[in-house]
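First up is the structure itself, then whatever we jot down about it.
Please treat every number below as a calculation from the coordinates, not as lab data. All of these numbers come straight from a predicted model, not from anything done at the bench. Cβ atoms come from the backbone with ideal geometry, glycine included; neighbour counts cover every protein chain shown.
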Amino acid sequence: MTDLNHSADLLGEILRNQITVLSDLYSCQKRMYQGVLVRDWIQIQKETAIYNTLGDVFIDLEDQRISACAALLDGADGSTDFYRITSVLPEALRSPVNSLFREMKRLLLLSKTENEVFNTYIANARKMVSGMIETVSPARRNKIYTRRGSLATPPVENLVLNRSF
């Protein structure tokens with residue numbers, strides 16, 4: 001019985017750590033999105049580094065959780081059989097662990113959704129900017145003029161605009 005108590009405590013501790021990391025990751029994603037909106041590139045770089053570190057920590061914790069689940073029930077897959085694995089625990093231990101697992105999954109879903117929103121925003125912004133550059137400098141004509149109206153020498157690979165669209 002003490003082995004089950006120890007395993008449930010270990011699993012609960014890992015899940016609490018995952019919840020903390022996912023909460024921090026979700027906050028980081030929000031700050032990254034806000035940084036993109038206000039074009040604070042230094043803040044985005046800092047948040048990206050934090051995001052990558054938190055992602056690595058979460059992956060390590062997930063590996064620990066899967067190992068802890070495998071120790072509870074031999075031959076079970078900790079990533080798909082969680083509720084079957086916790087069914088070997090007495091109700092007093094099972095209920096809090098399952099509750100932590102549901103909270104972790106909820107935060108993981110929030111994080112994934114925030115990531116999809118961020119990626120969609122970036123993809124749409126990239127499409128819009130590409131469309132504007134194509135309008136200013138169509139690839140099929142490949143002619144760009146200088147400020148004085150003379151033809152710029154091709155190939156022009158970079159284009160800097162001093163206007164805000």
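Computed over region 41-111, the alpha-carbon pair-distance distribution with 10 angstrom bins reads 18, 41, 25, 12, 5, 0, each value a whole percent.
Couplings for region 91-108, taken from phi via the Karplus curve 6.51 cos²θ - 1.76 cosθ + 1.60 with θ = phi - 60°, read 3, 4, 8, 5, 4, x, 5, 4, 5, 4, 4, 4, 5, 4, 5, 5, 5, 5 Hz in order; Gly and Pro are left as x.
Partner aspartates and glutamates whose Cα lies under 20 Å from the Cα of Lys112, excluding those fewer than 8 positions away in the same chain, are identified as Asp24, Glu47, Asp56, Asp60, Glu62, Asp63, Glu103. When each of Leu89, Leu11 is scored by the number of other beta-carbon atoms lying within 10 Å, the sequence from fewest to most is Leu89, Leu11. Taking other C-beta atoms within 10 Å as the exposure proxy, Asp9, Asp3, Asp24 rank Asp3, Asp9, Asp24 from fewest upward. Could you compute the FRET efficiency for Val38 and Asn98, with r as their C-beta to C-beta distance and R0 at 45 Å, rounded to 0.05? For R0 = 45 Å, the calculated efficiency reads 0.65. Dividing the radius of gyration of the alpha carbons in region 2-136 by their Kirkwood radius gives 1.15 for Rg/Rh.
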